[in-house]
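In what follows, a structure is listed as structure tokens, so that the remarks can point back to it.
The values are calculated or read from the model by the stated rules, or taken from the named source; none is laboratory data. Remember, predicted model here, so these are calculated numbers, not experimental data. Virtual Cβ from ideal backbone geometry, glycine too; neighbours counted across all protein chains shown. These area figures cover heavy atoms from the full protein model, side chains too; ligands, DNA and RNA do not enter into them. Shrake-Rupley method; radii C 1.70, N 1.55, O 1.52, S 1.80 Å.
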Amino acid sequence: MRKEPPGFSRENLSEAEEQLRVFCRAFNAGGFKPSSFSDLANCASLTETLGALSIPSVLFGIESALWWLRQDHWFVPPETGPLLQGSTEHILQRLDQWQGNWPNEFKLKIGRGSIEDDCVRINLVLKALPKSVNIKLDANQQWTLEQAIRVANSIDVKRVAFVEEPTAHVAEFSELYEKTGLHFALDETVQNPEYLLRPMQGLATIVIKPTLVGGLERCRQLVTMGRSLGVRTVFSSSYESSIGLHILEQLSAQWTPEEQPGLDTSSAFIDSLTSEMIIAGQPVSINPAFVSLGDTGLKRSLKESS
């Protein structure tokens, strides 16, 4: 298992395990014996059982398993939007060594140092990129409104597609846009199950992390609502395994084919959970290392994310 950043998920492992046990007991007690996977998906009792779940990761995992069983083919995986993180020197070196076609956008992690450092980093990255390439900023709610305005006034906002969660208060996002022209995206905000998506001036994108949002139905609702508001919807990962990333690729290919999902997190892992290509309708081959290793060995097989 991988150590999660503080606050990354609201639930911990023991809480998730307990809710899985609750679901399994309810599933067994319900006597679900469908004649086909479609029957299982449309089972009213199962829908009621799923509705009683409250932990996002558990709900996404179970609904993903049911969704998986209904797939008879896989879509061509979409290209993943590249993520720029680590030291500024490392980022610039990566861009200097970039080979092949440039993507339309890069995602750049910011908000982990001083405001001065953020301004320097953004401008250096923009300078290193072709003029045709824009960036998406991810501040993780680390700025104050005053700091966000200061950063926006120090960069070319026309080359910034949006900034994810610039401050800790969603009510300030539109004010930032009105004062600087910097568009924003919602990420942590939509992870609140009680949040109701609504029109907001300057809203460019909804970032959907199913493991944190909770459940395919909730994700589908966000995609539908985003389209109705005329904003982009982008699927993003939260350090899922290769199986989880495969599911996210397929959801993105089916529901948001026009977007590059933010799934550039596999580099955080030393080993892949699956040892072979995932083929629709075929059993998944699990990497033997994950079966033979104990908990201590499994921890050694993963790297902590930066």
Take the conditions more than 21 Å from the chain's Cα centre (by Cα), on the phi < 0 side of the Ramachandran plot and among the acidic types (Asp, Glu) and apply them to residue 217. Does it pass?
no
Considering only segment 214-236, state which residues are touching a residue at least 24 places away in the same chain (Cβ under 8 Å) and out of contact with any Pro (no Cβ under 8 Å at 6 or more places or on another chain).
217, 220, 222, 223, 225, 226, 231, 232, 233
Out of the helices (runs of 4 or more DSSP H) lying entirely within segment 169-245, which hold 3 or more residues that are farther than 28 Å from residue 266 by Cβ?
173-180, 216-229
Given the criterion over 24 Å from residue 28 (Cα atoms), open to solvent by less than 40 Å² (accessible area, probe 1.4 Å), aliphatic (A, V, I, L, M) and not in a loop (DSSP other than H, G, I, E, B), identify the matching residue among 95, 50, 59, 66.
95
Every listed condition ((1) crowded, with 18+ Cβ neighbours inside 10 Å; (2) free of Cβ contacts under 8 Å to residues at least 24 places away in the same chain) holds for residue 171 save (1)
For segment 196-208, give me each residue that is out of contact with any helix residue (DSSP H, G or I) (no Cβ under 6 Å at 6 or more places or on another chain) and modelled with pLDDT under 95.
196, 198
Restricting attention to segment 240-261, and to residues there that are open to solvent by 30 Å² or more (accessible area, probe 1.4 Å) and touching a residue at least 40 places away in the same chain (Cβ under 8 Å), which single residue is nearest to residue 275 (Cα to Cα)?
243
Among the residues in segment 100-123, are any acidic (Asp, Glu), in contact with a Lys or Arg (Cβ under 7 Å, 6 or more places away or on another chain), open to solvent by less than 40 Å² (accessible area, probe 1.4 Å) and under 28 Å from residue 257 (Cα atoms)?
yes
Considering only residues of segment 155-192 that are within 17 Å of the chain's Cα centre (by Cα) and polar (S, T, N, Q), which is modelled with the lowest pLDDT?
192
Enumerate the pairs (first residue in segment 129-150 and farther than 17 Å from residue 108 by Cα; second residue anywhere and open to solvent by 50 Å² or more (accessible area, probe 1.4 Å)) with beta-carbon separation below 8 Å, excluding pairs fewer than 6 apart on the same chain, so at least 6 apart or on different chains.
145/169; 145/175; 149/179
Give 266, 237, 228 a once-over and let me know the one that is touching a helix residue (DSSP H, G or I) at 6+ places or on another chain (Cβ under 7 Å) and open to solvent by 60 Å² or more (accessible area, probe 1.4 Å).
266
Being in a helix (DSSP H, G or I), surrounded by 16 or more Cβ atoms within 10 Å (Cβ to Cβ) and small (Gly, Ala, Ser), is that true of even one residue in segment 139-147?
no
Somewhere in segment 193-201, is a residue of a type outside the set (Gly, Ala, Ser), over 19 Å from the mean Cα position of the chain (by Cα) and closer than 22 Å to residue 262 by Cβ?
yes
Just name the residue that is farthest from residue 265 (Cα to Cα) out of those in segment 1-21 that are aliphatic (A, V, I, L, M) and at pLDDT 85 or above.
20
Take residue 157 and decide whether it is in contact (Cβ under 8 Å) with a residue 12 or more places away in the chain and in contact with a strand residue (DSSP E or B) (Cβ under 8 Å, 6 or more places away or on another chain).
no
Quick one: residue 216 ticks every box in (1) buried (at least 19 other Cβ atoms within 10 Å of the Cβ); (2) under 24 Å from residue 105 (Cβ atoms) bar one, so which box is it?
(2)
